[in-house]
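In what follows, a structure is listed as C-alpha cells, so that the remarks can point back to it.
Just so you know, all these numbers are worked out from the coordinates, no wet-lab data involved. Being a predicted model, the structure only gives us computed values, none of them experimental. Cβ coordinates were reconstructed from backbone atoms using ideal geometry, including for glycine residues, and neighbour counts include every protein chain displayed.
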Ligand code: PMP
C-alpha cells in the first residue's frame, strides 16, 4: 500500500527556489543577485582568514564532545558582549546558543508563545520572509506594521508609528537591529526616538533580530547602536543574533537567543526554561561555528584581524552600491537611484516590480527575488555593466 499517496508537494521556498533555478541555468552570462551570502570580487564565497586561523588552532585543541543544552557558555558570553557591549550586564541576560539567526528566532518565538501574555507579534512590511513562517509555527499571531514607502523608497515613519499605536498594548514588535532586510533602510536616531516613545507608551516588547552586526557599516559597535540604546533605556527585550554574515559562517549555524531579565535570579529561571525548549527540539547545538567565534573573540590579535576583514566586506559592498548607481547612469538611466546608495547592508531594494524582475530573469539570466531586491555582494567587475544595462532596459 502507498501510504503517502495523498501528500501534496510543498511549495518551493521563494529564495532557495531561485538559487536552484540559477544552478540549473546553463547560460554563460547568468548572474546570481539573489544569494544572501557574501561573494568576493571574483564572485566566490570567502572564508575569512581569521576564521581559518581559528580553525587551525582548533584542530589540535578541540574535541568532539556534546555541548551542553544551552551551548558553549564561553561563546555565549563573548557573543552577548559583541552585541550588547563590553559592559553588558551578563548576570541578568539569559542567553543560549542557537542554530544561527533562524534558530534564535524560533527559540525566542517558542519562549514568547509559552510565557508571554500577548501572542501577537508584529513584523515589518516587508521583512525577511521566514519571519512570518517561524513565528506562525510557534503559535503566535503574526501581523505587520508599515515600514517602507514604495513611492518614495524611504522609511514610512508615520505609517509605522500609527501601526505601533494601533496594535494591542504589550504586543511583541520585531525590529531589525540594523541593515533591514530586504529594504536596506534603517530608522535615523531621531526616528528611533519617536518609535521608542510609542513602544514605551504602549508597553510593547521589543524582539531585535540582528543578522548583520558589523556587516552593515563595517563597524560592529556602530551597527549595535539601536540595540544598545534600547538596552540602556531599560526596555524589556529579546535578541536573536546570527554570526552567518559578519563571520561568514553561513553553513555553521551559529547564533544566540537572549532575553534581558529583571535580575540574576530571574535569569536563572529563564535559562532553565530556554533549556526546556531546546532539549526536545535538537538536544544541543553544533560545536564548530561557536568554537570559531569563541577562538577569534578570545584572542586580541585575531579579534583585530577579524574586525578588519569584516570591514573589508562592508567596504566592498558599499563601493559596489555607488558603482551600481554610477553604472545605471552610464547605461543611460535618468531615474533617481539615490536610495540604492543610501541603503545599507547586503541588499539594494531597487523598487523594480515583479514583472520587471521576471524580465531580468527570463531575458537576461539575472536571478533575483521578485520584490526587486538585489544582493550587492553578487555584483563584481565582470557583471556590473551587464546588470546595470539590463536594469536600465527593464525600467526605462
Ligand atoms: N534575520 C534576517 C533579517 C536575515 O536576513 C537572516 C538571513 N537571511 C536571518 C535572520 C537568519 O539567517 P541565519 O539563520 O542564516 O543566521
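Structure notes:
- Against the criterion of being part of a helix (DSSP H, G or I), free of Cβ contacts under 8 Å to residues at least 40 places away in the same chain and farther than 17 Å from residue 173 by Cβ, residue 133 qualifies.
- One residue stands out among those in the stretch 227-272 that are part of a helix (DSSP H, G or I), in contact (Cβ under 8 Å) with a residue 12 or more places away in the chain and within 16 Å of the ligand (Cβ to nearest atom): the one that is nearest to residue 288 (Cα to Cα), which is 252.
- Helices (runs of 4 or more DSSP H) contained entirely in the stretch 38-128, each with at least 2 residues that are away from the ligand (no atom under 16 Å from the Cβ) and under 21 Å from the mean Cα position of the chain (by Cα): 73-84, 100-115
- Residue pairs whose Cβ atoms lie under 6 Å apart, sitting 6 or more positions apart in sequence or on different chains, and linking a residue in the stretch 162-183 that is in contact (Cβ under 8 Å) with a residue 60 or more places away in the chain to a partner that is in a loop (DSSP other than H, G, I, E, B) and within 10 Å of the ligand (Cβ to nearest atom), are 178/212; 179/212; 179/345; 181/128.
- Of all residues assigned to the stretch 188-196, at least one qualifies as being in a loop (DSSP other than H, G, I, E, B), without any contact (Cβ under 8 Å) to a residue 60 or more places away in the chain and either away from the ligand (no atom under 11 Å from the Cβ) or in contact with a helix residue (DSSP H, G or I) (Cβ under 7 Å, 6 or more places away or on another chain) (or both).
- Checking each residue in the stretch 205-226 for being under 16 Å from residue 188 (Cβ atoms) and either near the ligand (Cβ under 10 Å from one of its atoms) or part of a helix (DSSP H, G or I) (or both) picks out 222, 223, 225, 226.
- For residue 6: the one exception among (1) touching a residue at least 24 places away in the same chain (Cβ under 8 Å); (2) part of a loop (DSSP other than H, G, I, E, B): (1)
- Filtering the stretch 345-369 to residues that are in a loop (DSSP other than H, G, I, E, B), touching a residue at least 24 places away in the same chain (Cβ under 8 Å) and surrounded by fewer than 23 Cβ atoms within 10 Å (Cβ to Cβ) leaves 351, 352, 365, 369.
- Out of 152, 141, sole residue that is surrounded by fewer than 16 Cβ atoms within 10 Å (Cβ to Cβ), more than 16 Å from the ligand (Cβ to nearest atom), closer than 30 Å to residue 320 by Cβ and over 14 Å from the mean Cα position of the chain (by Cα): 152
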